[in-house]
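Taking it in order: structure first as structure tokens, then the write-up.
The values are calculated or read from the model by the stated rules, or taken from the named source; none is laboratory data. Remember, predicted model here, so these are calculated numbers, not experimental data. When we count neighbours, we look across all protein chains shown, and the Cβ atoms used for this are built from the backbone with ideal geometry, even at glycine.
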């Protein structure tokens, strides 16, 4: 079964890809990403690599339903971040403490955008969970210092959201 953690990993991968190579069409980029993930998984399984999560090579109805739901979860985040990237960047800048978003690494930038989007757009997800997921992604794909940095930025961002009214359409 695919988890939300895996879906967030996919979202960060897609956001990094879009950050480094802005796509002409987000739909085609997402389609290519899913195809690439399925091919990669199939290659790993055929070569006998251990530890490969079987997300795309599934056969049970429950697993297929889970995969579809998590792909939708990941795409919702990617589409949301890409649609509101400029607004999110402007919202994040004041919390970077003598840094600019474009001085950060691609992973940190993508994780911060995803975390800020979830904090400001997904009231059903507790802030602590959104921040923890972002910190774990930063640590896994970068290093522990990145995790600490992401934690500090998103914690300050979340506190600022708590002090202002939520306005749909604004990041």
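Numbers for the structure displayed
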quantity: Single match in 131, 107 (criterion: touching a helix residue (DSSP H, G or I) at 6+ places or on another chain (Cβ under 7 Å), more than 16 Å from residue 15 (Cβ to Cβ) and outside the structural domain of residue 5 (by TED's automatic domain parsing)); calculated: 131
quantity: Counted residues, segment 71-91 - those being part of a helix (DSSP H, G or I), crowded, with 17+ Cβ neighbours inside 10 Å and touching a residue at least 40 places away in the same chain (Cβ under 8 Å); calculated: 11
quantity: Pair list, Cβ < 8 Å and 6+ apart or interchain, from segment 129-142 residues that are closer than 14 Å to residue 107 by Cα to residues that are outside any helix (DSSP H, G or I); calculated: 142/105
quantity: Test: residue 113 is surrounded by fewer than 21 Cβ atoms within 10 Å (Cβ to Cβ) and in contact (Cβ under 8 Å) with a residue 12 or more places away in the chain; calculated: no
quantity: Residue selected from segment 18-36 under the condition free of Cβ contacts under 8 Å to residues at least 24 places away in the same chain and closer than 20 Å to residue 67 by Cβ, by the criterion surrounded by the most Cβ atoms within 10 Å (Cβ to Cβ); calculated: 33
